[in-house]
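Single-structure report; data block below.
Throughout, read-outs are computed from the coordinates displayed, never taken from laboratory work. Small disclaimer: the values here were computed from a predicted structure and weren't measured. Cβ coordinates were reconstructed from backbone atoms using ideal geometry, including for glycine residues, and neighbour counts include every protein chain displayed.
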Amino acid sequence: MDAPYCEVALPVPLRSVFTYAVPIPLREQTVPGSRVVVPFGRRAMVGVALSRTNEKPEGPQIREIVQVLDGNPALPPALVELGRWVADYYVAPVGEVFRAMLPPLVEVRTKREVFQTPSGTQAHAALSLRSDLSDSEKEEWELLGQLAREAKPIGVHSLRKNPRAEAVLRRLQRRGWIEIREVAGGRKGRTQKIVAWKGLEGTVEGKSIATIERVRKVLAEERGPLPLPMLLRIARVSRAVVSRLVRVGTLETWDEPLDPGEDPFDADFVPPANVLNAEQERAVGEVRGWLDAREFSVALLHGVTGSGKTEVYLRSVQETLARGRTALILVPEIALTLWVGRLCRAWFGAKFEGVAVMHSALGDAERAREWWRVRRGEARVVVGTRSAVFAPLQNLGLVIVDEEQESSYKQEETPRYNGRDTAIVRAKKERAVVLLGSATPSLESYHNARTGKYKLLTLESRVENRPLARVEIVDLREEFKSTHRTGPISTRLHAALAECLQNGTQAVVLINRRGYSWFVMCRSCGAAVQCPNCSISMTFHKKRNQLACHYCGATRGVPKICPKCDSEHIYFFGEGSEQVEEQLRKEFPEARIARLDRDTARTKRAYQQILGAFADGRLDILMGTQMVAKGHDFQKVTLVGVVAADALLSLPDFRAAERTFQLLTQVEGRAGRGELPGAVLVQTYYPEHYAIQDAVKQDFTAYFEREVHFRKMMAYPPFTALANLIVRDRKIE
Ligand code: ADP
Ligand code: ZN
Ligand code: ZN
């Protein structure tokens, strides 16, 4: 450890690492994975120390590392290696990769604390008795004295006011007189204030209309309820203005608990403890064997919807913990971290000291706290979304990737990576077992299982042998011929919904498009209103009275005349969820209906309220986008209606058929999960498409054979690897 230089990854959008000189007093601590403070340009920056080197870098002036933030390196060696792999494989800026792996820096500023140990207390007493202290001993004595006087741990930050403190601290730490701990501190109440628009009540004196209008626009039109600090930033208003508006009743606020994954029902939540059936038992048995072999292996757990995959996950985690190792569970969306986190806490929380939940919507303080709990080994199970693949677990035994086919595992911004694939690479480096779970595996993973690269575990039947729902196609071409109706709900679906309502059971209706109409076109010249940034057609949102691009988020007013030819014949078509909701309310005025999509479920709270109401039977029909298709286990649903099965097929994506098959299979799985049998109606204009046919028959193998044949013929993945190169410039030449 005395190489004089060190490579440092800095959070800048460059692919290179930077070499700094390591001053002699810092040589021991500057180990790979430690966070270091270095000068960069005219700023100081925090980066991660990578490898030490003897090679003098080129350049006129070599700058020095100023400070090492960690006693123990923040990142364990396996993660340092993984970070370098991600940067290399995904051609991502190395510093940005490491930034994504590290806890937010709030920690550095506020949360390291110094504790005096018993031997530190003794040492202080001994030094106090002596009169011949050297300068350095005097420094130590003073610091120990300060710690004793304060009688409680002191933040490292406050000690730093003394410029020599850092060096003295290190000496004391080495002698075991003090301990420096990363502690979760900072914010106390773990709630955040949410602000929502209520309506203009009376007059607000002294505030310009423009300010209020800005707040209204943000809260009522663009974003929905927001955490207070975010509102302040986006609407550019002051806290005082917000308080005033709350007082006059224009805005309302409430506190939303911030604690990741914690919800008020936890205390009396009793997790189901089922006796595993033979298929589940066999799957867990295999996992046990792989864990005992302590070798890397990947298995695809292919289980039809309702086959009890979650139970297999939980038992596998249990087996892992029992062997003294740790487990990581990745789920495709934030909402699922709550549910799975809750299950895990109920199963493992008490016995094994803890479960951490990690996802991108956590505030900095929470994220840092969860991160350090994991790093210190206090939490041995991590449940999270894709970025949790970098959770600093040590002695990793098991990685579960639930719904492995989901595209949300792919990070679409810098640093780009695929969470599922990174999880596999990580497991390989740490000799862990990977379980990829799905009812509709990605073509790539199933192909790997078929060819023996992965192991295959299959759960063929639903638990307690409940039958899969009966699925029926409604051919919309026939429907139109016989009824000449053009609404989104066919007579067949209408009748089935009516029957459902009469029987007092529940229905799920899927329409995989947000907004009111997803196409706005001119009848005179045929031009569609397109997003100026993305050239894709903009969606009409009736409630907001606005057109929005669902790709980049750009919005514009609703044109009265064609922007191209000034014609007045503007034509809206293509039903979105907003319109289908309107139609359902019209057709079933007595039914209790809720819409679940990104517009209605903007916050965790709104999302949970809608799902909670449906689960409690306070709603008859839950309709919405793919959010209604995901993972929920509603026992009273007997009918699932798919408004437009082909909406996804027309997308210019070689995975269009795959996505269609997956979504249909998933939503079909929502019906008949309880005692009552389920039925599914699938409306489509292309009933002969294989993705729809096979989804209706719920025949994964048949679909797989056709799809894999197509991929092979067209030389698409998994038979080739595709990379997307985007070239950007201000001018096109
Ligand atoms: P999947 O994720 O495969 O769709 P789940 O794991 O959600 O299925 O399980 C569906 C339901 O079956 C859950 O309510 C679960 O508690 C229950 N379940 C799981 N395993 C068993 C079992 N062995 N016996 C009875 N019920 C079970
Ligand atoms: Zn026109
Ligand atoms: Zn756009």
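Worth pointing out:
- Links that overshoot a 19 Å alpha carbon limit, given the list 309/712; 309/428; 217/542; 217/564: 309/712; 309/428; 217/564
- The H on the amide N of residue 5, modeled in the peptide plane, is under 5 Å from the matching H of 22, 53, each at least 5 residues off or on a different chain.
- Modelled FRET efficiency - R0 56 Å, residue 528 with residue 55, Cβ distances, 0.05 increments: 0.45
- With the simple model of a label 7 Å out from the Cα in the direction of the Cβ, residue 175 to residue 702 spans 7.9 nm.
- Contour excess over end-to-end distance, with Cα ends at residue 569 and residue 213 and 0.36 nm allotted per residue: 125.0 nm
- In degrees, nearest ten, helix 278-293 long axis to first principal axis of the chain (Cα): 30
- Peptides 355-364, 661-670 ranked from most to least packed, by the mean per-residue count of other Cβ atoms within 10 Å: 661-670, 355-364.
- Calculated FRET value between residue 238 and residue 428, using beta carbons and R₀ = 35 Å, to 0.05: 0.10
- When each of the peptides 563-569, 29-35, 244-250 is scored by how many other beta carbons lie within 10 Å of its residues on average, the order from highest to lowest is 29-35, 244-250, 563-569.
- Remark: spin-label model distance residue 67-residue 458 equals 6.0 nm, labels positioned 7 Å along the Cα→Cβ axis.
- Fraction of antiparallel bridges per DSSP, the chain only, in percent to nearest 5: 45
- Segment 603-640-segment 10-44 distance, computed between alpha-carbon centres (Å): 50
- Placed amide H near residue 509: partners under 5 Å, 5+ positions off or other chain: 622, 623, 624, 641
- In sequence order, segment 60-75 has phi-based couplings of x, 9, 9, 8, 10, 5, 8, 7, 10, 7, 10, x, 9, x, 4, 9 Hz under the Karplus curve 6.51 cos²θ - 1.76 cosθ + 1.60, θ = phi - 60°, and Gly or Pro positions carry x.
- For the peptides 72-82, 372-382, the ranking by mean Cβ contacts within 10 Å, running from highest to lowest, is 372-382, 72-82.
- Local electrostatic count at residue 592 - Lys and Arg +1, Asp and Glu -1, tallied over other residues with Cβ under 11 Å: 0
- For residue 354, residues with placed amide H under 5 Å, excluding near neighbours: 380
- Gain on full stretching of the segment that runs from residue 134 to residue 633 - 0.36 nm per residue minus C-alpha separation: 172.6 nm
- The residue among 46, 489, 625 whose Cα reaches farthest toward the positive pole of the charge dipole of the chain, with charges on the beta-carbon of Lys, Arg, Asp and Glu, is 46.
- Legend: calculated FRET efficiency, residue 716 to residue 296, from the Cβ-Cβ distance at R0 = 25 Å, rounded to 0.05, equals 0.35.
- Of the residues 600, 53, 483, the one with the fewest other Cβ atoms within 10 Å heads the list, and the complete ranking is 483, 53, 600.
- Here segment 681-733 and segment 465-526 have alpha carbon centers that stand 24 Å from each other.
- As a rough footprinting exposure proxy, the listed residues 154, 726, 511 were ranked by other beta carbons within 10 Å of their own, and the order from fewest upward is 726, 154, 511.
- Taking other C-beta atoms within 10 angstrom as a stand-in for reagent exposure, 446, 685 fall in the order 685, 446, fewest first.
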